[in-house]
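> So that we are looking at the same thing, I have put the structure below in structure tokens.
The values are calculated or read from the model by the stated rules, or taken from the named source; none is laboratory data. Nothing here was measured: the structure is a model prediction, and the numbers come from that model. Methodologically, a virtual Cβ is constructed for each residue, glycine included, from the backbone with ideal geometry; neighbour enumeration extends over all protein chains shown. Quick note on the areas: whole protein, heavy atoms, side chains included, nothing else; ligands and nucleic acids left out. Shrake-Rupley method; radii C 1.70, N 1.55, O 1.52, S 1.80 Å.
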Amino acid sequence: MVGGAVWTFDPARPDATAVAIDGDRIAAVGDDAAIQALAGPRTRRIDLDGALVLPGLVDAHGHVRCLGERLAGLDLRGLASPEEIAARVRARAAGNLPAGAWITGGGWDQNLWPGAAYPGHAPLTAAAPGVPVYLRRVDGHAGWANRAALDAAAITRATADPPGGRIERDRHGEPTGILIDNAMSLVETARPRPTRALLKEWIGVAMRRLAAVGLTGVHDAGVPPEEVAAYRELADEGALPLRVYLMWDGTGPGPIEPLVARDPFVQYRGRLTLRAVKLMVDGAMGSRGAVLFDDYLDAPGQRGLFVTDPGEIGRRATLALRRGYQVAVHAIGDRGVAEVVDTVARALAATPVDDPRPRIEHVQCVRREDLARARRLGAVASMQPTHATSDMRWAEERVGSERGRGLYAWRWAAEAGLPLAAGSDFPVDPEPPLFGLHAAVTRQDRADSPAGGWHPEQRLALDEAVRAYTAGAAYAAFEEKDKGRVTPGAWADLTILAEDLRTIPPRRIHAVAVRGTIVGGRIIHDAF
Ligand SMILES: [Zn+2]
């Protein structure tokens, strides 16, 4: 490919205009004339027309199956009446649904409808009689089920509201089909486990979307064995466009021994690596589950909840380390992060490992001294820039201005010398990496708010932010020899953007079009 602006991140040649690819690796980087001269009769030539070529962008923390499931379901956002939604359900039911399949989707909002009242199950029951239908509200805090879904969950007038949830009922006491908060799980746990074919479909749908937004790789932050099996089949079929770095899901109450009893593997079929275990110490800031040293400012007496006791984190980390796995721990509150640093330090002292690169996922509220201690452990900070701009309206109310200085503090992390790996935590936040790059360098949302940025002292320079999505993510996955620079010998993983991010105003970064995505020399998204 010639005629572009190649930002190589290779100190030996920071800029070029052309790249030659041979097989799955970069063969040469240089000017147009030198690269043209390498072309053979069967070489595909791409005229970049001034496009920006970057080392392939990677999302270091996402949830692929969840994204695929959401994309494969009905998208009901913005629909203006229950009848419109029922029509979508009827159309889906008329397609060839596999036996036992449910119709699912989300995004409805009764506030957009005439009367703004919660619907009943009747329109969905009529649209797909006998087929369970379950649709989540736009905020994820209510579900709308039809008769067949209520039956599958055995919800009747005799069913009590679960703690923290409510089954909406009519004046005769019959469930209407609307389930609030924890009552949603009555239906969600009644859904059949997805088949291998369905898991593969969801992963495939997500992969196509990730390729389209310019991602060449993703770290899937917590998978069970059945998803690993689905991934392996896709890899065998040559149907994994991106490189995927898998973490076992070790976050639940169940034992992790059966997971880590299996051997890690690296670059299976050139696409799939499984060599990390995801653990989780605390909850989220939004629900005041993140563990803090002092009370939540807006909830005196509350300091969050350990999802997994730190002692158990240590035991699981030791098991994982012994089996050759990297440890990645979700830690959001300042005390959650500090406990993880302590616990992982003890686990590493007891089970020394060459180059362990423990990962701390999220690091949303942190004390500076704990970042320095994390650095001494050789840890990686895996952070999500758009979380800052999604949470900035309320995050400081939770912790106050003093602790607020350490919210989403990626500048502090970088100054502490911690390698930064960036991601989105999709589908929690949207998956385009350009949204994250934009948030990292502006600390503004995509409507340019607030003016000057939220805690702008934590902004990253553009090159630092790109590194977090490229070399940083590669380092977090032990792939820095092969990925993260546009240089001869590296994997031919490239993200190609319509405009040069270095020359446009930072506020426009999120809107730049993706021209192409290349993984291992294969064009997986082609908008040239
Ligand atoms: Zn996550």
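> What part of the accessible area of the range 360-436, given as a whole %, is carbon or sulfur when the probe is 1.4 angstrom?
49
> Let me cross-check HIS63: its accessible surface, 1.4 Å probe, with only protein heavy atoms counted, in Å² to the nearest 10?
40
> Rounded to the nearest 500, what is the chain's calculated 222 nm mean residue ellipticity when only DSSP H runs of at least 4 contribute -39500 (n - 2.57) each, over all residues? All intermediate terms of the calculation are to be shown ahead of the outcome.
On the way: 18 runs with 163 residues, N = 528.
Dividing the helical sum by the residues of the chain leaves -8500 deg cm²/dmol.
> May I ask for the net charge around LEU272, where only other residues with Cβ less than 9 Å from the Cβ of LEU272 are counted and Lys, Arg are +1 while Asp, Glu are -1?
Net charge around LEU272: +4.
> I would also like to ask the following. Among 360-373, 253-266, how do they line up from the highest to the lowest mean number of other beta-carbon atoms within 10 Å?
Details: 360-373: 23.0, 253-266: 13.5.
Those peptides, ordered most packed to least, come out 360-373, 253-266.
> Over the chain, what is the percentage of antiparallel beta bridges among all DSSP beta bridges, to the nearest 5?
Expressed as a percentage, antiparallel bridges in the chain total about 45.
> On to the next question. For ALA447, what is the net charge nearby, where nearby means another residue's Cβ is under 15 Å from its Cβ and Lys, Arg count +1, Asp, Glu -1?
Working: positive: ARG393, ARG443, ARG446, ARG507, ARG508; negative: ASP445, ASP448.
Charge balance in the 15 Å sphere: +3.
> Using the Cα gyration tensor of the range 178-282, with a ≥ b ≥ c the square roots of its eigenvalues, what is the shape: rounded (a/c below 1.5), prolate (a/b larger than b/c) or oblate (neither)? Please list the in-between numbers first.
Numbers: a/c = 1.82, a/b = 1.29, b/c = 1.41.
It comes out oblate by the Cα gyration axes.
> If you don't mind, there's one more thing I want to ask. Can you sort LYS481, LYS278, LYS200 by 1.4 Å-probe accessible area, starting with the largest?
Sorted descending by solvent-accessible area, the residues read LYS481, LYS200, LYS278.
> Name all residues of the range 431-451 having a backbone nitrogen under 20 Å from the label point set 7 Å from the Cα of ILE504 along its Cα→Cβ direction, giving them as ranges.
Once the point is set 7 Å along Cα→Cβ of ILE504, 431-450 turn out to lie under 20 Å by backbone N, inside the range 431-451.
> Same structure, new question: Counting only other residues whose beta carbon sits under 14 Å from that of ASP151, what net charge do I get with K and R as +1, D and E as -1?
Neighbour charge sum, excluding ASP151 itself: +2.
> Ignoring any ligand, DNA or RNA, what whole percent of the accessible area of the range 1-101 comes from carbon and sulfur when the probe is 1.4 angstrom?
Its accessible area is 50 percent carbon and sulfur atoms.
> Which residues in the range 221-254 place their backbone N less than 15 Å from a point set 7 Å from the Cα of ARG315 along the Cα-to-Cβ direction?
251-254
> Turning to a different aspect of this structure: Roughly how many nanometres apart are two label points built 7 Å out from the Cα toward the Cβ at ASP263 and PHE293?
Output for this residue pair reads 4.5 nm.
> Taking the Cα centre of the range 201-298 as the origin, how large is its charge dipole in debye, to the nearest 20, when only Lys and Arg (+1) and Asp and Glu (-1) carry charge on their Cβ atoms?
Working: 10 positive and 14 negative charges, 105 e Å.
Its charge dipole is roughly 500 debye.
> Give the shape of the range 400-528 as rounded, prolate or oblate, defined through the alpha-carbon gyration tensor: a ≥ b ≥ c are the square roots of its eigenvalues, a/c under 1.5 means rounded, and otherwise the shape is prolate if a/b is larger than b/c and oblate if not.
oblate
> Report the calculated FRET efficiency for TRP394 and ARG166 (r = Cβ-Cβ distance, R0 = 25 Å), to the nearest 0.05. Could the numbers behind the result be given before it?
Values: r = 24 Å, r/R0 = 0.97.
Efficiency at R0 = 25 Å is approximately 0.55.
> With every protein chain left in place and a probe of 1.4 Å, what is the accessible surface of ASP49, to the nearest 10 Å²?
120
> Using R₀ = 30 Å, calculate the FRET efficiency as 1/(1 + (r/R₀)^6) where r is the Cβ-Cβ separation of ASP151 and LEU305; round to 0.05.
The computed FRET efficiency comes out at 0.30.
> In whole percent, and with a 1.4 Å probe on the protein chains, what portion of the accessible area of the range 198-336 is carbon and sulfur?
Percent of accessible area from carbon and sulfur atoms in the range 198-336: 53.
> Another question about this same structure. At GLU174 and SER401, where each label point lies 7 Å from the Cα along Cα→Cβ, what is the point-to-point distance in nanometres?
5.8
> Here is a follow-up. How long is the gain from ASP463 to ASP181 if the chain were fully straight, where each residue apart is worth 0.36 nm and the alpha carbon distance is subtracted?
Gain on stretching ASP463 to ASP181: 97.3 nm.
> Can you work out the accessible area per residue across the chain, with the rest of the protein chains kept in place, probe 1.4 Å, in square angstrom?
40
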